[in-house]
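The values are calculated or read from the model by the stated rules, or taken from the named source; none is laboratory data. Quantities reported herein were computed from a predicted structural model and do not represent experimental measurements. Note: ideal-geometry Cβ built from the backbone for every residue, glycine included; neighbour counts use all protein chains shown.
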Amino acid sequence: MHLVLRKDHIRVLASPSKGESVELFKQAHPLAIGEWHRVRLGFSGETMTATFDDTPITAMAPCVAVQELSFGLGGDSGGSEGENAGAMEFRRLQNTCTP
């Protein structure tokens, strides 16, 4: 699973099988560069929920429920400004697991 926050939209990508990438969610959403944003994630069965600032996101797929699920959070990178152009910083990053 990958939550991709770009300058102009939000995407959720999944890899149901090796070498396969599926877009589960895409929505236009402006992202103010140089400002802090809030992201909250949740996983339950085949559903991933997220809130980006105050925008709710829901993505569903069988691969979300896989126990070996890996997750990535990314944004714009590369281009003429170099690899750090889309670098993300985290403040108060928390990871909790409830049974």
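Has segment 8-29 got at least one residue that is over 19 Å from Leu93 (Cα atoms), within 12 Å of the chain's Cα centre (by Cα), modelled with pLDDT under 90 and surrounded by fewer than 16 Cβ atoms within 10 Å (Cβ to Cβ)? Yes - at least one qualifying residue is present in segment 8-29.
The set of residues in segment 38-52 that are surrounded by 10 or more Cβ atoms within 10 Å (Cβ to Cβ) and more than 13 Å from the chain's Cα centre (by Cα) comprises Ser44, Glu46, Thr47.
Among residues of segment 57-85 being of a type outside the set (A, V, I, L, M, F, W, C) and under 19 Å from Phe25 (Cβ atoms), the one that is modelled with the highest pLDDT is Thr58.
Residues that are among the polar types (S, T, N, Q) and surrounded by 13 or more Cβ atoms within 10 Å (Cβ to Cβ) within segment 56-77 comprise just one, Ser77. Please go through segment 1-13 and pick out each residue that is in contact (Cβ under 8 Å) with a residue 24 or more places away in the chain and not aliphatic (A, V, I, L, M). Within segment 1-13, His2, Arg6, Lys7 qualify. Among residues of segment 14-41 that are at positive phi, none has a Cβ under 8 angstrom from a residue that is surrounded by fewer than 10 Cβ atoms within 10 Å (Cβ to Cβ) and at pLDDT 90 or above at a sequence gap of 6+ or on a separate chain.
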